[in-house]
Amino acid sequence: MTSGTDGATGPVEGRVWRFGDDVNTDVIHPPAFYSLDPDKVRRGLFHGYDPTIARDLRPGDVFVAGRNFGCGSSRETSIRAIKLNEVGAVVAVDFARIFFRNATNNGLPCLTFARPADLELVEAGTRVVLDPVAATLTCADGTVVELVPPGEFVREIWAAGGLLNLLPTGMSAPES
Amino acid sequence: MSGRTISDIIIDAHSLDEDRSALFRRVSVDAVLGHDATTALLIDDFERRGLSIWDKSKVLLTNDHFAPPATAERADISNKFLGWARGLDMPNLMLDKGICHQLLVEHRLCQPGGLIVGADSHTIMAGAVNTCATGMGATDILFTLATGTTWLRLPPTIAVRFTGALPPESGGRDVVLELLRVLGEGGAQYRSLEFHDETSTRLPQDDRFAISNMAVEIGAKFGVFAADEVTEAHCRDRDGLGPGEPLLGTPVRPDADAGYERVIELDLTDLTARVAKPWSPGNVVPVAELEPTEITSAFLGSCASGRLADIRDAAEEVAGKRVHPNVRFVVIPASVEVFKQALRAGYVEVLTEAGAQFNHSSCGACGGIDKGVLGAADVCVSSSNRNFRGRMGHWDSRTYLASPRTVARAALRGAITPDLYREAQ
């Protein structure tokens, strides 16, 4: 099992952390923790909302949320904070577009539910296995929740370990 | 097959792909915008990879988040950003000149028909001059700085037709807050919002900036106004063009049979002042329906509403009066150019006499960064664009978003009250 980062797109295994709709970047990472110091960025994750989250997260844990996750600012410190805490992936009903780009560009898998109502099948605190490429989320009771397949271009960025690793050949056209 | 919307036309014009049906399109850009807080995040990668800038003349950089810095750590970040930009001899580095989005629309790089990306979500504001502009994160921007290109998904378009006559006490902020009430936070996610001004009163350019700016609060990728005589007059004046001279950009209007996902008509005739309650820009009610809310702080500024017309509206409201003794009223012009215009027009003196205080052109407390941040007990009425919980300071502080006129009236009253617009002033 890997955390889905560093160019790996293998399955992620961890506990579920559930969030609601319209979770914005200022809640994900309060401006006071904006910094170039990785430890300060890491500690800021959800600090105003619940300061115990960053303390209790374990590598491979998965964030599961409702609509419009990551709306707001383009500051990539929110992505850095999630990655520095070794969260394996984010699954949501849908994502705000800048957040989705930032996460994808940095190799953090963001996937959406094939059926939005399936959000209710994924309980906080339970263990899940998420396969980003197969686009499945397997719950503790064996239920397999279908996710929307990420598409060729997104998988290409994941496989490269992030957009910047596509720079030498980045002039080639992305495919649909 | 239906015709093309404005964003279809602009993306086609910038497309580098033969295949115009592709889901993701590789496009060239006309300009890139960056500020201290987001650009600082990409400098190490830029240097480690030995990259160079594809066209320095098309990059506009400024320090606006930490301007001037309030802590030693932020001074170090600011110095890192400025040192990097100076080391590259960037021709459009603007030191302490104001908020990047305002500087972009004051600059010739921002033209009708253009495609611009910036390292900040409110880059979308340039849509008010018929530019397809959108915000991205540091990694995307680094890629574009190196290549002059990016990838885009062709967005569906929602057309918004503004009709009727906007009442004089209402402004662009009330218009966009009403749109947020109708569509909700995220209601235009991944969409291009295409604005058509069909009002008899005409939306002034500064009002359009406020509307395009907050299109991102609705989740939009672009918030672009159809080019018209207001766009042209703004560009002519800014670029110093005489009546017969051609515009520097290419004004774009949609095809007559453009295919829209949805068309919304917003009749502005009866639009009254609006306010977004904590903690969402989509939590909008008419001021007249708000429960009386005492405030401790009033903020007039930010890229959403720190322009000359905004400062004029506030100055009109407070002329000869005094800000309520319980209220700290902070005004931050969006740029040094706006500040100079406000000085010449006398607005700075009027506001200062009334008890408001001016800070240097910057993002200020909008992002919880600079002087004027809120404490736990603070309640702020603000012309900024986001009232997310904890954004302007303490997690328990509360921010109400409103027009500059409402901010000024509430600052005098010491409260946002439902009768702010009912009593004779």
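On a full-extension model of 0.36 nm per residue, what is the gain between B:GLN357 and B:ASP239, subtracting their alpha-carbon distance, rounded to one decimal in nm?
39.3 nm
Consider a paramagnetic label point 7 Å from the Cα of B:ARG108 along Cα→Cβ; state which residues of segment B:1-39 have an amide N under 19 Å from it.
B:30-33
Could you compute the FRET efficiency for B:ARG344 and B:THR250, with r as their C-beta to C-beta distance and R0 at 41 Å, rounded to 0.05? All intermediate terms of the calculation are to be shown ahead of the outcome.
Numbers: r = 33 Å, r/R0 = 0.81.
My answer for the efficiency is 0.80.
List every residue whose amide H lies under 5 Å from the amide H of B:THR157, counting only residues 5 or more places away in sequence or on a different chain, with H placed 1.01 Å from N in the peptide plane.
B:SER192, B:GLU261
Counting DSSP beta bridges with both partners in chain B, what percentage is antiparallel, nearest 5?
25
Any idea which of B:LEU343, B:CYS363, B:VAL330 is furthest toward the positive side of the dipole for segment B:323-425, if Lys and Arg beta-carbons carry +1 and Asp and Glu beta-carbons -1?
B:CYS363
Using the Cβ atoms and a cut-off under 12 Å, what net charge is assigned to the surroundings of B:ARG181, where Lys and Arg are +1 and Asp and Glu are -1?
Around B:ARG181, the charge tally is -3.
With n ≥ 4 as the cut-off for DSSP H runs, can you work out [θ] at 222 nm for chain B, using -39500 (n - 2.57) per run divided by the number of residues, rounded to the nearest 500?
-8000 deg cm²/dmol
Return the equivalent ellipsoid semi-axes of chain A as a descending list in whole Å, where each equals the square root of 5 times an eigenvalue of the C-alpha gyration tensor.
Each semi-axis is √(5λ); the values are 22, 21, 15 Å.
Inside 10 Å of the C-beta atoms of A:72-85, what's the mean count of C-beta atoms belonging to other chains?
Mean shielding count: 5.
Of B:THR139, B:PHE162, B:LEU152, which is farthest along the charge dipole of segment B:1-271 in the positive direction, counting Lys and Arg as +1 and Asp and Glu as -1 at C-beta?
Result: B:THR139.
Using 17 Å as the cut-off for backbone N distance, which residues of segment B:250-281 belong to the label zone defined by a point 7 Å from the Cα of B:MET1 along Cα→Cβ?
B:255-260
For B:GLU265 paired with B:ASP96, estimate the spin-label separation in nm (one decimal), with each label point 7 Å from Cα along the Cα-to-Cβ line.
Between B:GLU265 and B:ASP96, the label points sit 5.2 nm apart.
In segment B:380-400, which residues have a backbone nitrogen under 14 Å from the label point lying 7 Å from A:ASP50's Cα in the Cα-to-Cβ direction?
Label zone hits: none.
Take the protein assembly as shown, compute every pairwise Cα distance, and split them into 20 Å bins from 0; I just need the percent in each bin.
21, 57, 22, 1
For chain A, the longest stretch holding no GluC sites (Glu not before Pro) located in a DSSP loop with at most 14 other Cβ atoms within 10 Å is which?
Working: sites that count: A:GLU123, A:GLU175.
Counting only loop sites that pass the neighbour cut-off, the longest clear stretch is A:1-122.
Heads up, I need the accessible area for B:MET392: 1.4 angstrom probe, whole protein in place, Å², nearest 10.
Counting only protein heavy atoms, the figure is 10 Å².
For B:VAL182 and B:ASP419 in the same chain, what is the full-extension length gain: residue separation times 0.36 nm, less their Cα-Cα distance, in nm?
Extra length from B:VAL182 to B:ASP419 when fully extended: 83.0 nm.
Among the trypsin sites (Lys or Arg not before Pro) in segment B:316-352, which ones are in a DSSP loop with at most 14 other Cβ atoms within 10 Å of the Cβ? Mind listing them?
Numbers: sites: B:LYS321, B:ARG322, B:ARG328, B:LYS340, B:ARG344; in loops: B:LYS321, B:ARG322.
Passing sites in segment B:316-352 are B:ARG322.
Per-residue Cβ counts within 10 Å, from other chains only, averaged over A:25-33: what number is that?
5
How big is the antiparallel share of DSSP beta bridges in segment A:1-158, given as a percent to the nearest 5?
Once the DSSP bridges in segment A:1-158 are tallied, antiparallel ones form about 50 percent.
Can you give the mean number of other chain Cβ atoms that lie within 10 Å of the Cβ atoms in peptide A:104-110?
Mean partner shielding for this stretch: 2.
Using a simple charge model, +1 on the beta-carbon of Lys and Arg, -1 on the beta-carbon of Asp and Glu, nothing else, what dipole does segment B:1-271 show about its Cα centre, in debye to the nearest 20?
My answer is approximately 660 debye.
Using a basic spin-label model with each label point 7 Å from the Cα along Cα→Cβ, how many nm lie between B:THR201 and B:LEU23?
For the pair B:THR201/B:LEU23, the computed spacing is 4.5 nm.
For segment B:378-387, just list the computed ³J(HN,Hα) in residue order, Karplus coefficients 6.51, -1.76 and 1.60, θ = phi - 60°, integers in Hz, with x standing in for Gly and Pro.
So the J values, rounded to whole Hz, are 6, 10, 10, 9, 9, 8, 7, 9, 9, 10.
Does segment B:272-425 come out rounded, prolate or oblate, given a ≥ b ≥ c as the square roots of the eigenvalues of its C-alpha gyration tensor, rounded meaning a/c under 1.5 and, failing that, prolate meaning a/b above b/c? Please list the in-between numbers first.
Details: a/c = 1.60, a/b = 1.16, b/c = 1.38.
In terms of gyration-tensor shape, oblate.
Taking the dipole about the Cα centre of the protein assembly as shown, with the C-beta of Lys and Arg at +1 and of Asp and Glu at -1, give me whichever of B:THR296, A:THR104, A:VAL27 is farthest to the positive side.
Sorting the options by dipole projection puts first B:THR296.
Want the number for B:ALA75 to B:TYR190: 0.36 nm per residue separation, take away the alpha-carbon distance, what's left?
My answer for the length gained is 37.8 nm.
Could I have the simple spin-label model distance between B:ASP55 and A:ALA117, label points 7 Å from Cα toward Cβ, reported in nm to one decimal?
5.2
Just list whichever of B:LYS221/B:LYS277; A:LYS83/B:LYS277; B:LYS97/B:LYS221; A:LYS40/B:LYS371; B:LYS58/B:LYS221 have alpha carbons separated by over 29 Å in the model shown.
Check vs 29 Å cut-off fails for A:LYS83/B:LYS277.
The values are calculated or read from the model by the stated rules, or taken from the named source; none is laboratory data. Treat the numbers as computed from the prediction; the structure is a model and nothing was measured. Here Cβ is always computed from backbone atoms with ideal geometry, including for glycine, and neighbour counts include all displayed protein chains. Only protein heavy atoms, including side chains, enter the accessible area calculation; ligands, DNA and RNA are left aside. Shrake-Rupley method; radii C 1.70, N 1.55, O 1.52, S 1.80 Å.
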